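Notes for the one structure printed next.
Readers should treat all values here as calculations from the given coordinates under stated rules, not as data from a laboratory. None of these values were measured; they are calculated from a predicted model. Heads up, the Cβs are rebuilt from the backbone with ideal geometry, glycines too, and the neighbour counts pull from every protein chain shown.
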Amino acid sequence: MSHLFYQGRGRKPVLDQARGVYMWDKDGRRYLDGSSGAMVCNIGHSNPHVLAAMQRQMEKSTFGYRLHFETEASEKLASRLVGLMPEGLSKVFFVSGGSEAVESGMKLARQYALAVGQGTRWKVISRAPSYHGCTLGALATTSYGPLTVPFEAMLRPMPKVPAPRAYLDGLDPDDPATGRHYADTLEAQIRAEGPETVLAFLLEPVGGASTGALVPPEGYMEAVREVCDRHGVLLIMDEVMTGAGRTGAFLGCEHWGTRPDIVVMSKGLGAGYAPLGAMIADERLVDPVLEAGGFAHGFTYAGNPLACAAGLAVVDEIERQGLCENARTMGEKLIARLHGLMQKHEIVGDVRGKGLLTAFEFMADRDSKAPLPKALNAHQRFVDIAYANGLIVYSRRTRDGVEGDHILVCPPLILTDTHLDEIVEGLDISLSQFAAELAS
Ligand code: PLP
């Protein structure tokens, strides 16, 4: 009997080993990690350079409390990250995960507003659907029914605007008018709230679990930045999933040249080697907060030297192996292959993504974009079938099943053509089995 519990009752196989893109359970079954865990293990499992760097750090020290010491590892990682950020984002605040990073970004923005005499600003507008984390602050900006509804009474509601799902709204994603249209809904929301109450707009550059690799329409990112500037609203870029090379650039927002005021990262930064996250802010925000008495926020494990040593070695590996570039080229191949599967399997209604953040969505009817019935629990059923075939993929039902099921295919960025063939074969077999099951 296990004493562990997570989200449900299901018992999982026990993990034994993981190397590169593969994982083995205690019974010796092999799985291809087609989702990098939860879009975490960007550089693959058991990378010897990262393990060696962690070993070296462990022999020196494993903990130094942030109010007593800086550590060499955290200093080095901070300056390395700053070198990879847009100009001016030069202040780094380490945390241990994505929700903590989002909370930290929101709180820094709020303290900045207070420090510069804009204390009426507190609302963080985000998008629906979206996922920004499970702590109460991050959850208030999240729009994903199953995780938010039980806690609504405990949340301070934050305004939401529609995610730019052009494919569902019948708009052309390549037409700049489409991007403008969604940015206009943000502007209308800011005006409706009263701009003097709006602190920030929080978004993922490419959608993750909630929207299934949603790529913004043409012109959207640029227009959103303009809208924020016009109303003195800060732009917080949630790069928890997209950061550390996942979309084919170190940050997802680089694809559009968007300059956020605050970036939050996690997942691929620690890459599964250590719990690590970072909030990287424009110095123009941080200085007034520090002058006004300091940032009233912090976590015990922040800047942990072992996590930072791992993060530094992860960034080294991303650069040494050219993983952003590999994510770009392999991502293009993967998307093309997913389109091939869409042609073959009627049930796949949409394919999308950027770099190795890709997804396909099930639809009962491609023309009307009707989702499969919620009762089928299609996304979970497909994940189970793929798992039984030795392929791990990640799934979510968008907005409590009303609007469909998608499957994220996000393998480690070290992906080769052989791995890609194996993934596509696993998906193909699993889609055939799933379709047969639906037909029976
Ligand atoms: N933000 C995004 C975009 C995420 O995808 C996630 C996790 O999936 C989070 C925040 C929360 O990160 P964590 O689960 O590490 O707290």
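Before moving on, here are some points about what is shown:
- Size of charge dipole - segment 49-320 - debye, nearest 20, with Cβ of Lys, Arg +1 and Asp, Glu -1, no other charges: 640
- The magnitude of the dipole of segment 98-220, with charges of +1 and -1 set on the Cβ of Lys/Arg and Asp/Glu and taken from the Cα centre, is near 500 debye.
- Where labels lie 7 Å past Cα in the beta-carbon direction, separation of Ala38 and Gln17 in nm: 2.7
- Sorting the segments 318-329, 355-366 by their residues' average number of neighbouring beta-carbon atoms within 10 angstrom, most packed first, yields 355-366, 318-329.
- Mean separation of Cα pairs under 8 Å and 6 or more residues apart, divided by the residue count, gives segment 255-369 a relative contact order of 17 percent.
- Here the spin labels are modelled as points 7 Å beyond Cα on the Cα-Cβ line, and at Arg156 and Thr329 they lie 4.9 nm apart.
- Take the Cα of Lys374, step 7 Å toward its Cβ, do the same at Thr62, and the gap between the two points is 4.6 nm.
- For segment 16-169, size of Cβ-based charge dipole, Lys and Arg +1, Asp and Glu -1, in debye: 340
- Charge dipole of segment 49-320 about the Cα centre (unit charges at C-beta), most positive-ward option of Phe94, Gly170, Gly83: Phe94
- Given R0 = 45 Å, the distance between the Cβ atoms of Ala439 and Leu4 translates into a calculated FRET efficiency of 0.75.
- Between Arg80 and Asp229, the FRET efficiency estimated from the beta carbon spacing at R0 = 22 angstrom works out to 0.15.
- Restricting the calculation to alpha carbons of the chain gives Rg and Dmax of 21.3, 68 angstrom.
- In segment 49-320, the DSSP beta bridges split such that about 45 percent are antiparallel, to the nearest 5.
- Our summary gives the chain a relative contact order of 22 percent, counting only alpha carbon pairs under 8 angstrom and 6 or more residues apart.
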